[in-house]
Amino acid sequence: MQKKLLNSIIFIILFLTPVKSEIISGNAIIIDGDTIRINNKKVRLHGIDAPEIKQLCQKVFLSIFFISFEKNYKCGELSKKKLENYIKNNTIRCKIEGIDRYKRILGTCYKNTININSRMVRNGYAVAYKKYSKKYLTAEKEAIKDELGLWKGTFEMPWDWRKNDKK
């Protein structure tokens, strides 16, 4: 009887006690469109992938009847700038989701109550990183439908760009 009671108490302690998630907060320095630094801690925005700083994408600059002409633009730099402009000097809170294989902190970050990860995908300046999370698929579908950001033109997925050694 006592063993059953002890097991029940252990179960309650281990499984029903809320786990306090770790939060990092402060002013953010933007590294690129999916990575920030807060208090000397590098935080990779979980579940999203943004173009690399040196990555080029294409967008239409001229359309004549059925013919469209595209030009290259620095989509990695644009993604970083959009994140910088949104965050500015605001306090950012990041809920730690884990650590990746490169020992970077993975976080879901917020400006006030707005999920920054989701916002970057919804506005088309990052994509849902489907390999690691399905959380931002709806935001990505909306950005595609509305032809926002990267979806105004053509681009190589950031993970493919990195794999093809275009660094």
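Give the residues of segment 132-166 that are touching a residue at least 60 places away in the same chain (Cβ under 8 Å), farther than 15 Å from residue 34 by Cβ and of a type in the set (A, V, I, L, M, F, W, C), sorted by residue number.
Answer for segment 132-166, where residues must be touching a residue at least 60 places away in the same chain (Cβ under 8 Å), farther than 15 Å from residue 34 by Cβ and of a type in the set (A, V, I, L, M, F, W, C): there is none.
Looking at segment 28-79, which of the residues that are of a type in the set (Val, Ile, Thr) and at pLDDT below 95 is nearest to residue 105 (Cα to Cα)?
For segment 28-79, the residue satisfying everything is 60.
State yes or no: is residue 82 buried (at least 16 other Cβ atoms within 10 Å of the Cβ), outside any loop (DSSP other than H, G, I, E, B) and modelled with pLDDT under 95?
It is false that residue 82 is buried (at least 16 other Cβ atoms within 10 Å of the Cβ), outside any loop (DSSP other than H, G, I, E, B) and modelled with pLDDT under 95.
Name the residues in segment 122-138 that are out of contact with any strand residue (DSSP E or B) (no Cβ under 7 Å at 6 or more places or on another chain) and either closer than 20 Å to residue 82 by Cα or of a type outside the set (Gly, Ala, Ser) (or both), would you?
Across segment 122-138, the qualifying residues are 122, 123, 124, 125, 130, 131, 132, 134, 135, 138.
Looking at 134, 141, 103, can you tell me which residue is part of a loop (DSSP other than H, G, I, E, B) and more than 14 Å from residue 44 (Cβ to Cβ)?
134
Regarding residue 92, is this residue under 21 Å from residue 154 (Cα atoms), modelled with pLDDT of 80 or more, crowded, with 17+ Cβ neighbours inside 10 Å and β-branched (Val, Ile, Thr)?
no
For segment 95-109, give me each residue that is in contact (Cβ under 8 Å) with a residue 12 or more places away in the chain and aliphatic (A, V, I, L, M).
96, 105, 106
From the set of residues in segment 95-121 that are in contact with a strand residue (DSSP E or B) (Cβ under 7 Å, 6 or more places away or on another chain) and of a type in the set (A, V, I, L, M), which is surrounded by the most Cβ atoms within 10 Å (Cβ to Cβ)?
Ranking the qualifying residues of segment 95-121, first place goes to 121.
Only one of these is in contact with a His (Cβ under 9 Å, 6 or more places away or on another chain), among the small types (Gly, Ala, Ser) and at pLDDT 95 or above: 124, 107. Name it.
That would be 107, the only listed residue that is in contact with a His (Cβ under 9 Å, 6 or more places away or on another chain), among the small types (Gly, Ala, Ser) and at pLDDT 95 or above.
Residue pairs, Cβ under 9 Å, 6 or more apart or interchain, first in segment 75-94 and free of Cβ contacts under 8 Å to residues at least 12 places away in the same chain, second of a type in the set (A, V, I, L, M, F, W, C). List them.
81/30
Could you list, in sequence order, all residues of segment 81-106 that are touching a Ser or Thr at 6+ places or on another chain (Cβ under 9 Å) and either of a type outside the set (A, V, I, L, M) or farther than 20 Å from residue 27 by Cβ (or both)?
Of everything in segment 81-106, those that are touching a Ser or Thr at 6+ places or on another chain (Cβ under 9 Å) and either of a type outside the set (A, V, I, L, M) or farther than 20 Å from residue 27 by Cβ (or both) turn out to be 91, 93, 94, 95, 97, 104.
The values are calculated or read from the model by the stated rules, or taken from the named source; none is laboratory data. Because the structure is a prediction, the values reported are computed rather than measured. All Cβ positions, glycine included, derive from the backbone under ideal geometry; neighbour counts span all protein chains shown.
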